[in-house]
1. Where only protein heavy atoms count, and the probe is 1.4 Å, what is the accessible area per residue for segment 49-121 in Å²?
2. List every residue whose amide H lies under 5 Å from the amide H of Asn39, counting only residues 5 or more places away in sequence or on a different chain, with H placed 1.01 Å from N in the peptide plane.
3. Whose amide H sits under 5 Å from the amide H of Gln75, counting only residues 5 or more places off or on another chain, with H placed in the peptide plane?
4. Please list 34-41, 102-109 highest first by mean number of surrounding beta-carbon atoms within 10 Å per residue.
5. Output wanted: per-residue J couplings in Hz (rounded whole) for segment 75-92, from phi through Karplus 6.51 cos²θ - 1.76 cosθ + 1.60, θ = phi - 60°, x for Gly and Pro.
6. Could you give me D for segment 49-121, from Stokes-Einstein at 25 °C and 0.890 mPa s, where the hydrodynamic radius is the Kirkwood radius over C-alpha pairs? Units µm² s⁻¹, please.
Amino acid sequence: AGLWTVFTLGGVGSKPTPQLEQCSPLANQSLLLLLVLANLTEAPDMPNPYRQAIMSFKNTQDSTAFSSSNPHAFQINFNSLYTALCEQQKSDQATLLLYMLLHQNSNVRTYVLARTDIENLV
């Protein structure tokens, strides 16, 4: 929580509710770690593997064959991810993850825009 307060300029952003942190502290800390790792700067000769993975993962329910030249590529169930993001939109961390996914991963963006229940996310 202290690290997150630093990122929100001394608590200017909404503070995470104690209920969210108490019910899943490992998930909360893991999400914060993922966000920090994905936003590390890249060198021209050494791209950030965490950012590359976030930019390229695909849906497990996609009918096309999974083949990628990216060694960091993986698959995840987009329906489960969408449901989890809808349930956690009260936290700044989940909102920031959603923002990153919508802007950096075209597969996630296409999936979210194709959903008929997007008002749950908004």
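1. Result: 59 Å² of accessible area for each residue.
2. none
3. Lys58
4. 102-109, 34-41
5. 10, 8, 6, 5, 5, 5, 4, 4, 4, 5, 5, 5, 6, 10, 6, 7, 9, 5
6. Approximately 191 µm²/s, per Stokes-Einstein.
The values are calculated or read from the model by the stated rules, or taken from the named source; none is laboratory data. What you see is a predicted model, and the numbers here were worked out from it, not measured in a lab. Virtual Cβ from ideal backbone geometry, glycine too; neighbours counted across all protein chains shown. Heavy atoms of the whole protein, side chains included, go into the accessibility calculation; ligands, DNA and RNA do not. Shrake-Rupley method; radii C 1.70, N 1.55, O 1.52, S 1.80 Å.
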